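Take a look at the structure below.
We did not get these values from a lab; they are worked out from the coordinates using the rules stated. What you see is a predicted model, and the numbers here were worked out from it, not measured in a lab. Cβ coordinates were reconstructed from backbone atoms using ideal geometry, including for glycine residues, and neighbour counts include every protein chain displayed.
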């Protein structure tokens, strides 16, 4: 009986190590219980699913919003890159793409929208105005970059950046979330 | 359908917040309702104010050109052309003849692109989820690619110079323009038959938000909103500029004054613009179209006060400029969206709450132009 | 045409009766010794234009409201008050265009100091 048990355990640990290697986790982890195995496998599963389905929320303020609309439309398609469904409500989205210049009057609304998003949440500063204030750098009503208010993950430069730039930025964000990107 | 609550006198206030899924920009409406009937609408603006008029006083003429383009980002070519005309009037520079025809071609292409974007977002506001949006954006992308061939950028083309353009069109441009116009001309009847045979669209737009021509003049509205109420006024025919009079331009006027009339005026304007571009390409003379390159030292201005009237896709734009030595001393923009938004409380009084968004969409507002 | 501040209302009524029923814009220019308010009017039937110029002193500038004559003057006067600090008399106090703008001097005047921080959000 015990040898069957030991064989089964060896077989199981061999299978577990093989699958751990496949998902990119370190193989020298000691597993004592089945719950640990499922937790490790599922955290890889959860990261994989979060990484590959990043839903942006509509936060177009100004000119860069035109490029966001182009990003979702037929020629440069957002859906083929898994950035499906621009959500109008922040409670169902992962990424807030801040597109356009930020004025002092709209800061409370931005903060409220950011707090309504569920963790893990990310922010992409799209365009020069959200990165650093843009051409309105010296104006009396402009915040010089959204990173004075919110923590930003990826910056995209351009005025306005082409939608292909946004694709590259969201791929970088996916790498940041979960490690390697296939394809 | 639907009666307002009677006799109570109590009203509800609803906040349509600054961030909402429509794509005009950041606008806050405080709507006061009596049952389902709108008693008053108060637009709160100012969330996108950057002080453009003050910033432009600190720079010189050529550095101000990108500032002007970012005022109305749906039709930036119209605004940059108006500003360059103002500087040309101040300095006394004439526009070359081939450049005049080319400017008309670029302006009318921009008008078609702007009306296509309006069509897509208007139907999104009505609740039609992204079908016409996708079709209209595919058409608009063809035009943007044409403009990109000449100017180099998709959205903010800084391609106007004093007396002409920054460069002539590349070879083969005219054939491409004609082929794109042929494609779009086949699609416009598709949009019209798709929408006008649809009962829901007709019920949501016919008879909603109607204003008479007398009321429209009183409220000071401009552009397609004015022409949809039966007033025959278009800057391109009254104060004709460039070669519009040679191309036999006719303003498109519809007389019912409701949301459907504003939609119809814009579709008719698209067809008229296609005809204008074809005529301009046929009559364009060969020659030189390149204007003055960008210089930092320019001659002193001849005229101190300049006024330029232009017809942008949204309405009438007036640039009043007091010219200084190197840059403007004071620039004042009369943006069409400002006064159209100011007329919204009067147009929407007495309508149902769901009609408010149809009316708001039909006015074609761009909010950064409202609070520059 | 140049108009004195006291004769503004009467001139505006005359213009409206003559057919200049469309108000295009109300704007102002700050020449440092004086402040000039401009009213652009248009006659839609004939296409004629007319401009009324009112010259004010930069200290305690105020102008009567023409809202009861031209309905479109409402929002333009709000912008005048906010950007130039010109008081508008004869109507209910105009609501400011930028909501939380209290406590800052009018931006479009030439003596506006750049870079001065102001309390706008609280």
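So how do B:108-116, A:113-121, B:90-98 stack up, highest first, on mean other-Cβ count within 10 Å?
Result, highest mean Cβ count within 10 Å first: B:108-116, B:90-98, A:113-121.
Compute the distribution of all C-alpha to C-alpha distances in the range C:2-89, in bins of 10 Å from 0, and list the percent of pairs in each, rounded to whole numbers.
In whole percents, the pair-distance histogram is 17, 55, 25, 4.
Just order A:125-133, C:64-72, C:12-20 by mean Cβ neighbour count inside 10 Å, highest at the front, would you?
Highest to lowest by the protection proxy: A:125-133, C:64-72, C:12-20.
What average count of beta carbons from other chains do you get within 10 Å of the Cβ of residues in A:55-64?
If you average over the peptide's residues, the count of other-chain Cβ atoms is 4.
Order these peptides, B:140-149, B:245-254, by their mean beta-carbon neighbour count within 10 angstrom, highest first. Each step should come with its number before you reach the end.
On the way: B:140-149: 18.2, B:245-254: 16.0.
Top to bottom by mean Cβ count within 10 Å: B:140-149, B:245-254.
Can you give the percent of C-alpha pairs in the range A:129-183 whose distance is more than 17 Å?
49
Write down, largest first, the equivalent ellipsoid semi-axes of the range B:266-372 in whole Å, where each equals the square root of 5 times an eigenvalue of the alpha-carbon gyration tensor.
Working: eigenvalues 250, 123, 19 Å².
Rounded to whole Å, the semi-axes are 35, 25, 10.
For the range B:100-125 and the range B:285-321, write down the distance between their C-alpha centroids in whole Å.
If we compute the Cα centre of each part, the gap is 21 Å.
Set the Förster distance to 35 Å, then compute FRET efficiency between residue B:148 and residue A:175 from the Cβ-Cβ distance, nearest 0.05.
Computed FRET efficiency for residue B:148 and residue A:175: 0.70.
Can you give me the P(r) profile for the range A:57-183? Cα pairs, bins 10 angstrom wide beginning at 0, each as a whole percent.
P(r) for the range A:57-183, in whole percents per bin: 13, 46, 34, 6, 0.
Quick one: in the protein assembly as shown, what % of C-alpha pairs are over 37 Å apart?
Counting pairs separated by more than 37 Å, the tail of P(r) holds 42 percent.
Taking all pairs of distinct Cα atoms, average 1/r, flip it, and tell me the Kirkwood hydrodynamic radius of the range B:166-318 in Å to one decimal place.
When all Cα pairs of the range B:166-318 are included, the Kirkwood radius is 18.5 Å.
In peptide B:106-118, what is the residue-averaged number of other protein chain Cβ atoms found within 10 Å of each Cβ?
Average neighbour count from other chains, rounded to a whole number: 0.
Mind checking the mean number of beta-carbon atoms from other chains within 10 Å of the Cβ atoms in B:305-314?
1
Based only on Cα atoms, what mean projected area does the convex hull of the range B:220-293 have, in nm²?
6.6
Grab every C-alpha pair in the range B:25-180, bin the distances at 5 angstrom width from 0 up to the longest one, and report whole percents.
In order of increasing distance, the bins hold 1, 8, 14, 16, 16, 14, 12, 8, 6, 3, 2, 1, 0 percent.
At 20 °C and a viscosity of 1.002 mPa s, what translational diffusion coefficient does Stokes-Einstein give for the range B:68-143, taking Rh as the Kirkwood radius over Cα pairs? Give it in µm²/s as a whole number.
It comes out at roughly 153 µm²/s.
Give the order of C:75, A:48 when sorted by the count of other beta carbons within 10 angstrom, beginning with the fewest.
A:48, C:75
Could you tell me the extents of the range B:63-327's C-alpha atoms along the three principal axes, largest first, rounded to whole Å?
61, 45, 32
For a quick check, take a GNM of chain B with Cα springs below 10 Å and name the residue from B:264, B:239, B:197 with the largest mean-square fluctuation.
Highest fluctuation among the options: B:197.
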